[in-house]
């Protein structure tokens, strides 16, 4: 794992070397707080939990995570530094995993900075902090799923804007797959596809975590989901590295 961690440290440091990291964190914190306390009706619910926050996180990540991943490989290919990266004494899978872990660590930092919400809910009531911890774990899993998608798409193009738009579109499919509108429509026409859509919905998987239920089935789903997209990422890098 030495090569993987080296790539991860290099990549994570590059985030904070530019204003992009700080802009992402500020936007995420402002939007998560605003949505939780306004549209989420945090005070009106009179319940000491963070359900409003957890319900909005997948939709916030839907736009903010692709903004992180759009440069992961697209920028390397545009600048021609991908050849240099892949000639280092590391395996290709280490480069792919290292970049992913760096982006995941960055999302974990952004989530950790929402701790004032945890402090607030504990001051106002007596919440089950185990449920809150499980919800944060679920949010981190969702971030990992989106990051894996975005990284794979970024490896397919040199254009960061195209990488961003495509990543948002694909992530939206997996976020909205379990929504009532989609599942009801599919149930009326193709019930089998409705069950498939529910099974692939990251928002449905997050719902279990936000209730404090850390199901092995959901953990395996996210691990498999991330693994498949990272494998696709490695294949895309291998196919397009000479472009």
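The values are calculated or read from the model by the stated rules, or taken from the named source; none is laboratory data. All values reported here derive from a predicted model rather than from experimental measurement. Cβ coordinates were reconstructed from backbone atoms using ideal geometry, including for glycine residues, and neighbour counts include every protein chain displayed.
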* Structure fact -> With criteria (1) touching a residue at least 60 places away in the same chain (Cβ under 8 Å); (2) within 20 Å of residue 54 (Cα to Cα), residue 179 comes up short on (1)
* **segment 122-154, residues that are under 23 Å from residue 60 (Cα atoms) and not in a helix (DSSP H, G or I)** => none
* In segment 6-19, is there at least one residue being within 26 Å of residue 174 (Cα to Cα) and surrounded by 15 or more Cβ atoms within 10 Å (Cβ to Cβ)? -> no
* Those residues that are within 19 Å of residue 141 (Cα to Cα) and over 17 Å from the mean Cα position of the chain (by Cα), I need them from segment 180-201; list them, please. => 197, 198, 199
* **Test: residue in segment 21-41 that is out of contact with any helix residue (DSSP H, G or I) (no Cβ under 8 Å at 6 or more places or on another chain), surrounded by fewer than 18 Cβ atoms within 10 Å (Cβ to Cβ), modelled with pLDDT of 80 or more and in a loop (DSSP other than H, G, I, E, B)** => yes
